[in-house]
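Everything on this sheet refers to the single structure shown next.
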Amino acid sequence: MPARPPAADLRSTAAREHDGARPFPRASATAALVTSSAVTGLGLIWLLAPGLNPFAGDDMMSLVSQALGPVAVAAAALGLGLVGVLLAVTTLRGRRADSIAAPGGAVLAAALSITLGSVHVIAFAGYVFGAIVVGVGLVAIVVLPFRAPRLGLPLLGGSIVLIAASAWAGVTLDGITEFAGAFGRALVEDAPNLAVIAVTVAAMLTWAVTAVVGVGRTRGGRRFEAWLVRHRRPLTILAAAGPLPYGVARASWLTPWPLFGPAEGEGITAPMLATGLMLGAGAVAASVLTLGLILPWGVRFPRWIPRIGDHVVPAATAVVPGAVAAGLLCLSASPMLVSGIGDEGDPVSPLVVNLVLPFWYWGPMLALAVWAYAAWRRRGALDAA
């Protein structure tokens with residue numbers, strides 16, 4: 001396990017001078033160039049063929065599309081893409097890269113979020129993550145009782161109770177099958193929109209990472225990273241609290257007092273219950289995984305995991321998915337604040353939705369927690385060297 005950096009850790013003078021002397025990382029700038037080119041292409045296509053613009057209908061809505069319409073989204077995407085290409089090329093050539101990467105990357109990431117960010121992004125991500133969590137959970141229930149009985153047997157018992165409660169509440173095999181079929185069809189039908197989401201997330205993340213790298217190469221940025229490292233535990237705990245309201249709401253569906261469910265008078269069908277519980281499991285898993293940024297198994301894999309148990313966790317194994325999750329949440333935050341996902345014309349619904357699904361809070365806090373973990377691991381590696 002890497003040595004824990006001291007609380008007031010500041011990198012050595014030699015390391016700081018090395019940062020200032022070396023060129024800006026080409027990988028970050030190259031990724032920004034590629035993704036910005038893709039955004040430019042999307043904007044151009046939407047201007048030439050408006051029917052292909054997903055923001056022209058109800059499938060995807062961003063702050064810009066709601067306020068100014070789909071043509072404004074296309075024009076903004078084209079403009080942001082071209083600015084990103086210019087900034088990336090300038091950064092690759094090393095012309096004042098450190099001074100422009102941080103502010104330029106931050107502005108572009110925020111502008112992309114406002115222009116192309118949609119609740120549609122997090123909806124599909126939530127379904128996919130929830131399904132993965134259920135699958136991994138079933139494997140863990142089988143493996144843990146044999147490899148780590150003290151943890152596995154209570155988990156097995158709790159799982160049996162949960163399955164019994166779910167069956168009592170109305171989850172059926174037919175309901176699970178119906179949900180799986182509908183979700184699979186939706187993935188196929190929505191493939192073009194998912195491609196747009198993938199480009200958007202990639203572009204926003206590459207510019208956010210470019211900004212973080214740029215900040216880390218400045219004196220003020222190094223002080224900020226030192227502050228993040230010192231406060232990474234409370235930051236991570238605050239980030240882990242983000243998905244809990246949704247997890248509690250979905251768990252309440254197993255009781256006679258369901259929260260955040262269908263409108264009064266409408267029952268919870270078996271497919272709906274299976275979907276809700278799966279998403280709730282994903283929320284709880286997201287909270288637990290976030291805590292891994294400060295727990296021992298965030299540095300070494302638990303011994304009970306076959307093959308990789310007790311090996312050092314590569315920092316990227318936690319940083320990459322954490323950064324992607326933070327990016328998805330931030331992309332969905334702005335349209336969620338304005339419209340929510342409730343019934344049209346219900347003024348209370350956006351408020352309730354944003355309390356149960358606080359993307360406006362969860363996304364930035366998770367980004368800070370991941371940044372703090374990455375800085376802590378990097379500083380620990382520098383100390384060990």
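The values are calculated or read from the model by the stated rules, or taken from the named source; none is laboratory data. Source: prediction; values computed, not measured. So basically every Cβ, Gly included, is an ideal-geometry build from the backbone, and we count neighbours across all protein chains shown.
Counting the residues of region 25-76 that are of a type outside the set (Lys, Arg), assigned to a helix (DSSP H, G or I) and out of contact with any Phe, Trp or Tyr (no Cβ under 7 Å at 6 or more places or on another chain) gives 35. Exactly one residue out of 102, 88, 110 is of a type outside the set (D, E, K, R), crowded, with 21+ Cβ neighbours inside 10 Å, out of contact with any Asp or Glu (no Cβ under 8 Å at 6 or more places or on another chain) and modelled with pLDDT of 85 or more, and it is 88. Can you pull out every residue in region 178-223 that is polar (S, T, N, Q) and either touching a Gly at 6+ places or on another chain (Cβ under 8 Å) or modelled with pLDDT of 85 or more (or both)? Scanning region 178-223 gives 200, 206, 210.
Once region 255-271 is narrowed to residues that are hydrophobic (A, V, I, L, M, F, W, C) and modelled with pLDDT under 75, the residue that is surrounded by the most Cβ atoms within 10 Å (Cβ to Cβ) is 270. Among the residues of region 319-331, is there at least one that is more than 25 Å from residue 211 (Cα to Cα) and either at pLDDT 90 or above or small (Gly, Ala, Ser) (or both)? Checked against the condition, which is being more than 25 Å from residue 211 (Cα to Cα) and either at pLDDT 90 or above or small (Gly, Ala, Ser) (or both), region 319-331 yields no hits at all.
Contact map, region 144-166: first residue part of a helix (DSSP H, G or I), second residue among the charged types (D, E, K, R), Cβ cut-off under 9 Å, separation 6 or more or different chains; pairs are 147/303. For region 319-342, the set of residues classified as part of a helix (DSSP H, G or I), over 22 Å from residue 378 (Cβ atoms) and without any contact (Cβ under 8 Å) to a residue 24 or more places away in the chain consists of 337 only.
Being under 23 Å from residue 284 (Cβ atoms) and among the aliphatic types (A, V, I, L, M) is a property that residue 107 lacks. Of all residues in region 41-64, those that are under 11 Å from residue 77 (Cα atoms) have Cβ atoms under 7 Å from Cβ atoms of residues that are among the polar types (S, T, N, Q), 6 or more apart or on another chain, in 46/53; 64/115. No other residue among 297, 253, 304 is over 26 Å from residue 374 (Cα atoms), aromatic (Phe, Trp, Tyr) and more than 18 Å from the chain's Cα centre (by Cα) apart from 253. Residue 353 satisfies every condition listed in (1) farther than 23 Å from residue 129 by Cα; (2) modelled with pLDDT under 90; (3) not in a loop (DSSP other than H, G, I, E, B) except (1).
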